[in-house]
Each structure stands twice: as structure tokens, then as C-alpha cells.
């Protein structure tokens, strides 16, 4: 029993020393993909979305900005409706997932949160989104989104 305790203590010490000895550049390398995404996403985009409840597409403007910590924060401004904030919660070299802050949705007549999966298609963005109520009960909406960088 005593040797099991010493073996466990030795493993814990090795892990601790390895973590402490990790060079600073290794930590910086982990943040790299976010910066690559920022270079591709920063700026103003215009596009349209279609949802399961609308017959006509809705047009919007989307603005993305880099944060000092390497994250991305955006604002979606639907035509004729209040804008709301979004942020990237996951990214790869070909796609990203965003989530919105809670905001009022006029189609559902309640406070909602948007979540979208967006893919880069050349110089355009295409993806799917879902709008869910912030409370347990209520309807949700699904749809598609497409956007192009605005000059």
C-alpha cells in the first residue's frame, strides 16, 4: 500500500513539473487558430437568412471584431429590428460556432438565444442556425444563413 502511494505521488509530481516546464510559446501556439479566424472574419458582412417560419428571406448586417484576449465578438443587425451581440464559442480552419446574448425575437414573441454553425465557402459564409427561447417552454426556429464581406 505504501508503494502505491509513492507511485501515485511520483506521477503527480511528474505531471506538475511537466506543466511548469511547458515553454511560453506552446501556450501561444494554442491561441493561433483564433487569430487566424479573426483575420478571416474581422469586418462587416451582409447577408440573408431564411427560417422555418418565413417565406421571404430577412436581410442583415454582421460586424466582427477581435478582442484583446484573442476572442471574437460580433453584432448582428437585422433590417428594421434591434441588433444583438454574438461571440464565437468554437472554431476550426473551415468553420465556427457562434452564440448570441439573450434578445427579444419578434417572430416568437419572447426572449431567445441564437446558435449558429457557419462554414467558410470561398469568400462567403454559409451555415445553419437555431433560435431557442431562454425559458424551458416555447417554440424554436431553425434556418439557414449566408453572407458576403461588405467592401
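The values are calculated or read from the model by the stated rules, or taken from the named source; none is laboratory data. Predicted model, so just to flag it, every value in this text is computed and none were measured. Methodologically, a virtual Cβ is constructed for each residue, glycine included, from the backbone with ideal geometry; neighbour enumeration extends over all protein chains shown.
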(message) When the residues of segment 73-102 are narrowed to those that are surrounded by 13 or more Cβ atoms within 10 Å (Cβ to Cβ) and touching a residue at least 40 places away in the same chain (Cβ under 8 Å), which ends up farthest from residue 115 (Cα to Cα)?
(response) 91
(request) Evaluate the following for residue 78: is it at pLDDT 90 or above, more than 13 Å from the chain's Cα centre (by Cα) and closer than 18 Å to residue 102 by Cα? (result) yes
(request) Read through the list (1) free of Cβ contacts under 8 Å to residues at least 24 places away in the same chain; (2) over 19 Å from residue 124 (Cβ atoms), then give the number of the only condition that residue 70 fails. (result) (1)
(request) Evaluate the following for residue 146: is it within 25 Å of residue 37 (Cβ to Cβ) and touching a helix residue (DSSP H, G or I) at 6+ places or on another chain (Cβ under 8 Å)? (result) no
(message) Restricting to segment 116-125, name every residue that is crowded, with 16+ Cβ neighbours inside 10 Å and within 19 Å of residue 52 (Cα to Cα).
(response) 116, 118
(message) Take residue 109 and tell me if it is farther than 19 Å from residue 41 by Cβ and surrounded by 15 or more Cβ atoms within 10 Å (Cβ to Cβ).
(response) no
(request) Can you work out which of the residues in segment 51-62 that are modelled with pLDDT of 90 or more and surrounded by fewer than 16 Cβ atoms within 10 Å (Cβ to Cβ) is farthest from residue 142 (Cα to Cα)? (result) 59
(message) Given (1) assigned to a loop (DSSP other than H, G, I, E, B); (2) touching a helix residue (DSSP H, G or I) at 6+ places or on another chain (Cβ under 6 Å); (3) at negative phi, identify the lone condition not met by residue 139.
(response) (2)
